[in-house]
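Novice: Provided herewith is a single structure, encoded as C-alpha cells, for subsequent inquiry.
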Amino acid sequence: MKKELNLFTFGDLLNHFPFRHIDRTKIETISQLTPAFDFIQLKVVVKDIEVIGASRKKRLVATAADATGEMQLTWFQRINWVQKFLQVGRTYLIYGRLGFFNGQPQMIHPEMEVFEAQQSSGRPFLEPVYSSTEKLTASGLGGRQLGKLTMTLMSLIQEKDIPENLPEEILQSLHLINRFDAYRSIHFPSNQEAYTKAVKRLKFEELFIAQIKLQQLKNRRHRISKGVVFEKVGELFNQFYTHHLPFALTNAQKRVVKEIRNDMAHGKQMNRLLQGDVGSGKTIVAVLCMLLACDNGFQTCLMAPTEILAQQHFQTIQGLLKGVDVEVHLLTGSTRAAGRKKTLAALQAGEIQILIGTHAVIEDTVQFKNLGIVIIDEQHRFGVAQRAKLWKKATIPPHILVMTATPIPRTLAMTIYGDLDVSIIDELPPGRQPVQTVHRYDTQRSKVMNFLRTEIDKGRQAYIVFPLIEESAKLDYENLMQGYEDVKAYFPEPKFWISMVHGKQPAKQKETNMQRFVENDTQIMVATTVIEVGVDIPNATMMVIESAEKFGLSQLHQLRGRVGRGAEKSYCILLTSSQLSNDARERINIMTATNNGFEIAEKDLALRGPGEIDGTRQSGVLNFKLASLVHDGKMLELAKSLAIRLLDQDPELNSAENLRLFNFLKLQPETVKWSKIS
Ligand code: ADP
Ligand code: MG
C-alpha cells in the first residue's frame, strides 16, 4: 500500500478521498434504461456465461436479468477471475457505467458483488469508491477494502484527532463546516448535501493553506534578501528617454516601467514576472531597466533561450542604444575563444555594462563585477535550476525580471508564480492590425499557395511551419523535407527564394538561412518551431501552419506572433487534415476566433488541465487533491485575499485566534522553495 498509493500513515488514508459515491438506495430496472443514464446500480440474476473469441481478442459475456428484462455484461480483462467468480443462477448487485450497443443496454467491466438479503443494514447509503491499483486489488486491498479500513479508522477517531485549523472568523463568514465533520462526510456522507459541504470546506482549506505558505515565503524573502538599490534615475536613462526613444511608449509600457522602478528603488530584491503578448513591446521595457542599472553603477545581463534570439536582441539593443554611452556585448555558445576571453575580462573589470547571451552567460566562468539585474526573455524555456544559478552571481542577489509572451492563466499566476510580483502589458502598440486567422483543409493547399504568391508579389514574406514532435521525429523530419520539395514545386520561378531552418541543422547553417530571410534575400521560410520564439521580421506577413492540429494552443499562438509585427495586414492559415478530433477542432476554432493571448491561455488551461502547462509539473505546487485550477478560480481568489489580510494583521500568527493555524503549519513538511524558483 505504501509504494503503490503513496499511503504511509492513518492520516494518509484519511486523505485518500473517494472519487465518487455509489447511491446504494437506488436500484434501476433494465426495461427503464435509456442512454441518458450514466453510472447505475442494478440487481440481476446471471443467466448465462460465455467466453467468445481466442487469445488477445477473447472476451467474456454474461447475460444478466432482472424482473423487467435482460442485458449483456462484458469483460475483456481478468476473464479467468470473472469466470471463477460468477455463477449462473446467483443474484448480484452490479454497478458501472451504462452503455448502449445496437440499441441494447450493456455494461463493460461492472463492479459485482453477491447480493445478500440483509446486506444493506450497517452499510452507508452513499458508499465511497476509492481508487486502488491492479496490484493492490489482486492482494485484497481493492477500493472496497480501502473503504472498510477507512470506515474502521473513522469510527476510532474523535474530533480532537482532526483538530480545526482555520480561524473561527473564516469558518463563520464562509459558512464552512468544521474539519472533523468534513473528513467524516467526504468519506461517508449522510446525503448529497453533506458531501457538497465537506468538499467545499476541504477545498477551501487546501487553497487557503497553500496561499498562507506562499505569502509567508514572499514576506520572508522581502525581509531577508535586501536587494540592490537603484535609487536614482540618471543621465543615461533620461538621455535615452528624451532623445533616442524611437516611439512613444504605450500606457501599459509606462505603467510597467514605473512598477519595476518602484521595486528596485526600495531595497527589496525584485522578482517580477512581466507578461505581455507577442509584439506588445517588452524589449524596450528591458532596455529601460538596463539603463536604470547603468545609471546606478550596476551591470545587466539579458538571457535569451536561443542563439538566434540572443543575436537579434543584441542587434536591436545595440541599435536602440546608438549614441548612448554604454558598452553592450554578446556572449553565446558560438562566441570564439579569443573574443570570449576579452569579454569575460572586461565583464569582470566592469567595463561592460550590458551582457546579452544564451545559457552561456550562466556558466561559472562568467563573473560580473557588480551584477544588478538579470532579465530573462521567454522564461518557459529556462529550467528552474538554471534560473537559480543566477542568484549566486553576486553577493547581493540581483533583481530578476522574467519576461514571458506565454500569458499565464490567472489561477496559475496565483499559485505556481504566486510569490512573484506580476506586471502585465495588456495593450499593443498603436496601428497594429489583428492577424487574420483562417482554417483550411489540406485539400485546399494549392489555393493557399496561390494566395502566398500574390502577397509575395506585393513584396511580402511568408513562413511555412511544419511540426517536429519528439516521439515521431523521424517521420516529421521526412514530412518537413517533403514539404520543402513541395513548396519548391509550387514556386519554381527564379524570382522566388526559399530558405529552410530546423533543429537538426548545424547552428551556423541555421543562422545563415535565418539571416537571409531577415534580410529579405529569401521570401519564403520553411521551418519547424525553431522560429517560434521572439524573431521579429515585420515584413513577414503570412504564416501557413501545416498539420496545425498537431500543435498545442499556446504553441500556435506563439507561432502566429511571428506575423502581424508591421503595419501591413497579416494572415495566419491553419492547414489541417479533414479528420479532426474534437479537441483539435476546438483549438482551431479558438485560434480563428481570438488574437488575445490571455484568453487563449485560459482556454488552454481548461482544455489541457494544469498538469500539461509548461513548467508547472516541476513546481510541485499543483498537487491539490480537491481544488481545480480550472474550476475553482473564484475560491482561489478568495483564499488568496483572506490569506493576505490575515498575515497583514498577524504576520507571525501569534494571536490566539490564529494559534490553531500556527500549530497546523508547524507540523507541515517543508515545501518547495518557491522563493528560489526565479
Ligand atoms: P515582444 O513583447 O514580443 O518582445 P517587441 O519588444 O519585440 O515585442 O516589440 C515588437 C515590435 O513593436 C518591435 O518592432 C518594437 O520596435 C515595436 N514597438 C514596441 N513598443 C512600441 C510602441 N510603444 N510604439 C510603437 N512600436 C513599438
Ligand atoms: Mg520579445
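The values are calculated or read from the model by the stated rules, or taken from the named source; none is laboratory data. Note that the coordinates shown come from a computational prediction; the quantities given were computed from them, not determined experimentally. Neighbour counts are summed over all protein chains in view; Cβ atoms, including those assigned to glycine, are modelled from backbone coordinates with ideal geometry. To get the accessible areas, we keep the full protein, side chains included, count just its heavy atoms, and leave off ligands, DNA and RNA. Shrake-Rupley method; radii C 1.70, N 1.55, O 1.52, S 1.80 Å.
Novice: Report whether or not Phe247 is more than 29 Å from the chain's Cα centre (by Cα), within 27 Å of Ile537 (Cβ to Cβ) and away from ligand 2 (no atom under 16 Å from the Cβ).
Specialist: So Phe247 does not fit the description; no.
Novice: Let me ask another. Of all residues in the range 251-293, which are in a loop (DSSP other than H, G, I, E, B) and farther than 18 Å from Leu428 by Cα?
Specialist: Selection gives Ala265, His266, Gly267, Gln269, Met270.
Novice: Further, regarding this structure: Quick one: how many residues across the range 209-223 are in contact with a helix residue (DSSP H, G or I) (Cβ under 9 Å, 6 or more places away or on another chain) and either modelled with pLDDT of 95 or more or open to solvent by 10 Å² or more (accessible area, probe 1.4 Å) (or both)?
Specialist: Summing the residues that are in contact with a helix residue (DSSP H, G or I) (Cβ under 9 Å, 6 or more places away or on another chain) and either modelled with pLDDT of 95 or more or open to solvent by 10 Å² or more (accessible area, probe 1.4 Å) (or both) in the range 209-223 gives 10.
Novice: Still on this structure: Among the residues that make up the range 352-369, is at least one of them without any contact (Cβ under 8 Å) to a residue 24 or more places away in the chain, more than 16 Å from ligand 1 (Cβ to nearest atom), in a helix (DSSP H, G or I) and open to solvent by 50 Å² or more (accessible area, probe 1.4 Å)?
Specialist: The answer is no; no qualifying residue exists.
Novice: When both residues are 6+ apart or on different chains and their Cβ atoms are under 6 Å apart, which pairs have a first residue that lies in the range 509-529 and is under 20 Å from Leu452 (Cβ atoms), and a second that is part of a helix (DSSP H, G or I)?
Specialist: Partner pairs satisfying both residue conditions: Met514/Ile308; Thr522/Arg516; Gln523/Ile456; Met525/Phe517; Val526/Tyr484; Val526/Val487.
Novice: Residues that are part of a strand (DSSP E or B), under 25 Å from Gln558 (Cβ atoms) and open to solvent by 20 Å² or more (accessible area, probe 1.4 Å): does the range 294-304 have at least one?
Specialist: Taking every residue of the range 294-304 in turn, none turns out to be part of a strand (DSSP E or B), under 25 Å from Gln558 (Cβ atoms) and open to solvent by 20 Å² or more (accessible area, probe 1.4 Å).
Novice: Going residue by residue through the range 318-336, is there one that turns out to be within 14 Å of ligand 1 (Cβ to nearest atom), assigned to a loop (DSSP other than H, G, I, E, B) and in contact with a strand residue (DSSP E or B) (Cβ under 7 Å, 6 or more places away or on another chain)?
Specialist: yes
Novice: Could you tell me how many of the residues in the range 224-243 are crowded, with 16+ Cβ neighbours inside 10 Å and either within 16 Å of ligand 2 (Cβ to nearest atom) or assigned to a helix (DSSP H, G or I) (or both)?
Specialist: Result for the range 224-243: 3.
To keep it simple, each residue is scored yes or no on (1) in a strand (DSSP E or B); (2) modelled with pLDDT under 90; (3) within 24 Å of Ala36 (Cβ to Cβ).
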site	(1), (2), (3)
Arg56	no, yes, no
Leu73	yes, no, yes
Asn80	no, yes, no
Val88	no, no, no
Gly99	yes, no, yes
Met107	yes, no, yes
Glu113	yes, yes, no
Ala117	no, yes, no
Pro124	no, yes, no
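Novice: Would you pick out the residues in the range 34-54 that are assigned to a loop (DSSP other than H, G, I, E, B), in contact (Cβ under 8 Å) with a residue 40 or more places away in the chain and under 24 Å from Gln77 (Cβ atoms)?
Specialist: Phe37, Asp38
Novice: Right, something else. Among the residues of the range 267-297, count how many are more than 15 Å from ligand 2 (Cβ to nearest atom) and either modelled with pLDDT of 95 or more or in contact with a Leu (Cβ under 6 Å, 6 or more places away or on another chain) (or both).
Specialist: Number of matching residues: 5.
Novice: Count, please, the residues in the range 263-281 that happen to be more than 29 Å from Arg220 (Cβ to Cβ), open to solvent by 10 Å² or more (accessible area, probe 1.4 Å) and over 21 Å from the mean Cα position of the chain (by Cα).
Specialist: Residues flagged as more than 29 Å from Arg220 (Cβ to Cβ), open to solvent by 10 Å² or more (accessible area, probe 1.4 Å) and over 21 Å from the mean Cα position of the chain (by Cα) within the range 263-281 amount to 2.
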